[in-house]
Structure formats: C-alpha cells, structure tokens
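Colleague: I am attaching a structure below and will ask some questions about it afterwards.
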Amino acid sequence: MVVTHKNKTLAALLAFIFGGLGIHRFYMYGMKDMWGWAHLCTLLISGIALFTIPGQPLMFIASPLVISILAGFIETFIIGLMPDDKWDARHNPGSDRQSHSGWLVAIVLVLTVGVGATSLIAAIARTFDLLYTGGAYG
C-alpha cells in the first residue's frame with residue numbers, strides 16, 4: 001500500500017481558494033468526508049434557491065455559500081497554524097517524510113486575514129443594508 005504525504009501548505013492554499021467548496025477536506029480526508037460534502041452542498045442549495053426564489057437579494061439566496069466560504073477561511077487558519085509535527089501525526093501517520101512548512105504558509109495566512117476580514121465585514125454590512133434599508137444603498 002502506497003502512503004501519500006499530505007502537504008500542509010497545499011491544504012491551506014486549497015482551503016483559502018476553494019474553502020467554500022470543501023476541496024481541502026477532500027484532499028485531507030478523502031471523498032468520504034462528511035464536512036467536505038456539506039461544503040459542496042451549499043453551492044447546490046444556493047443554486048436551487050437562485051432559481052426557485054426569484055426577486056430575493058442575492059445576499060440572502062447565496063447565504064449558505066457565503067457562510068461556507070467564511071468557514072473555509074477559518075479552516076485555513078486551523079490548517080496553517082497547526083504545528084508541523086501535529087500535522088504529520090494527524091494526516092501523515094504512515095509517511096516516512098516530515099513536513100516543513102515555510103514562508104508560503106505564512107503568506108497564505110496573511111492573505112486569509114485580509115480577504116477573510118474584508119469578506120466578513122462586507123457580508124455584515126450588506127446584510128444590515130438589506131435588513132434595515134431594504135437595499136437602498138446598492
């Protein structure tokens with residue numbers, strides 16, 4: 001049996017870019033991961049809502065996907081800040097290689113702070129705009 005070595009940097013990058021779709025979960029745990037499928041189902045739920053609830057603001061229709069994307073940013077932090085030895089113990093128990101994450105993980109985490117915080121603030125601002133002004137500001 002061939003044991004693959006899962007790269008922490010790649011997992012963090014997948015969580016940052018495709019976190020809302022759960023691709024990082026499938027990379028880390030395989031296709032049987034329940035939370036990966038839950039992430040992917042948010043795209044389906046938002047797509048169905050788009051066509052079955054016409055006239056509603058896109059922010060409300062896509063809210064399952066928006067929440068999944070924000071959760072993906074949190075998972076990026078969890079993956080990126082995990083010590084290498086703990087990562088290897090959890091995801092590479094049979095591998096003879098050791099992980100050595102470097103500056104790329106730090107860059108992904110810095111980008112996650114910027115993009116994640118901006119996304120969260122924008123989602124909160126747009127939600128309050130829709131709830132309290134009926135979308136008068138956009």
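Please treat every number below as a calculation from the coordinates, not as lab data. Because the structure is predicted, anything quoted here is derived from the model rather than measured.
Colleague: If you work out log10 I(q)/I(0) by the Debye sum over Cα atoms at q = 0.11, 0.13, 0.14, 0.22 Å⁻¹ from the coordinates, which of (i) -0.40, -0.55, -0.63, -1.36; (ii) -0.58, -0.70, -0.76, -1.18; (iii) -0.49, -0.64, -0.71, -1.27 do you get?
Modeller: Only one listed value fits the structure, namely (iii).
Colleague: Another one. What full-extension length gain, to one decimal in nm, is calculated for K32 and K86 as 0.36 nm per residue of separation minus the Cα-Cα distance? Walk me through the intermediate numbers first.
Modeller: Numbers: separation 54, 0.36 × 54 = 19.44 nm, distance 2.24 nm.
Extending this stretch completely gives an extra 17.2 nm.
Colleague: Considering only L21, L50, L40, give the residue with the highest GNM mean-square fluctuation for the chain, with springs between Cα atoms whenever their separation is below 10 Å.
Modeller: Of L21, L50, L40, the most mobile in the Gaussian network model is L50.
Colleague: Are there DSSP H segments in the chain that both extend 24 Å or more along their axis (alpha-carbon positions) and score a mean Kyte-Doolittle hydropathy of at least -1.0? List them, or say none. Display every interim value, and only then the final one.
Modeller: On the way: long enough: 34-52 (26 Å, 1.42); 63-81 (27 Å, 1.96); 103-133 (44 Å, 1.76).
Within the chain the helices that satisfy the rule are 34-52, 63-81, 103-133.
Colleague: How high is the relative contact order of region 1-134? Use alpha-carbon pairs under 8 Å, at least six apart in sequence, and give a whole percent. Show your work: numbers first, answer last.
Modeller: Values: 142 pairs, mean separation 42.2, N = 134.
Relative contact order here is 31 percent.
Colleague: Let me ask something additional. Taking 0.36 nm per residue of sequence separation and subtracting the Cα-Cα distance, how much length would be gained by fully extending the chain between L40 and D96, in nm to one decimal? Write out the running numbers ahead of the final one.
Modeller: Working: separation 56, 0.36 × 56 = 20.16 nm, distance 3.23 nm.
Extending this stretch completely gives an extra 16.9 nm.
Colleague: Can you tell me the length gained on complete extension of the stretch T133 to I48, counting 0.36 nm per residue apart and subtracting the Cα distance?
Modeller: Numbers: separation 85, 0.36 × 85 = 30.60 nm, distance 2.64 nm.
In short, 28.0 nm is gained.
Colleague: Given only helices, namely DSSP H runs of n ≥ 4 each adding -39500 (n - 2.57), what is the per-residue ellipticity at 222 nm of the chain, to the nearest 500 deg cm²/dmol?
Modeller: Working: 7 runs with 99 residues, N = 138.
For the chain, the value works out to -23000 deg cm²/dmol.
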